1. Just subtract the alpha-carbon distance of ASN93 and LEU31 from 0.36 nm times their residue separation and send over the number in nm, one decimal.
2. Kindly write out, for segment 89-96 in residue order, the coupling ³J(HN,Hα) from the Karplus curve 6.51 cos²θ - 1.76 cosθ + 1.60 (θ = phi - 60°), rounded to whole Hz, with x marking Gly and Pro.
3. Would you grab the residues whose amide H sits under 5 Å from the one on ALA76? Only those 5+ places off in sequence or on another chain, please, with H modelled 1.01 Å from N.
4. How do 44-56, 24-36 rank on mean C-beta neighbours within 10 Å, highest first?
Amino acid sequence: MFVQAHTIGKFRGMHNREQTMKHFAFVIGALAVGLAAATPARADYAVVRWSDGYCHIWWGASATPWGDGWTKIAIAPDWSTATAALDAAIQNNTCR
């Protein structure tokens, strides 16, 4: 079935067609949804050692605590690996 497009306005020999703009908007929307779905979600964790010797699992390894007196001792891709790294640091006396 053919849908005839309506001319919205003329611009020096070019026609701005309603259907063309609808198709363009659809393609841009589909690309935006596809790009958002293709981007992987990352929730990595870091084990942070404070100056007093205590350690903490910090959510978002790229984000760092404010101020001085801390050191990242491990970066893990998920919570269970970060917990294992924290337990190993406690057993090695790296953390209290």
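Coordinate-derived values only; no laboratory data. No experiment lies behind these values; they were computed from the predicted model shown. Don't worry about glycine lacking a Cβ; one is built from the backbone with ideal geometry, like all the others, and counts go over all protein chains shown.
1. Extra length from ASN93 to LEU31 when fully extended: 17.2 nm.
2. Running phi through 6.51 cos²θ - 1.76 cosθ + 1.60 with θ = phi - 60° gives 5, 5, 5, 7, 6, 7, 10, 8 Hz.
3. The answer is TYR45, ALA46, VAL47.
4. Working: 44-56: 16.2, 24-36: 9.8.
So the peptides 44-56, 24-36, ranked by packing, come out 44-56, 24-36.
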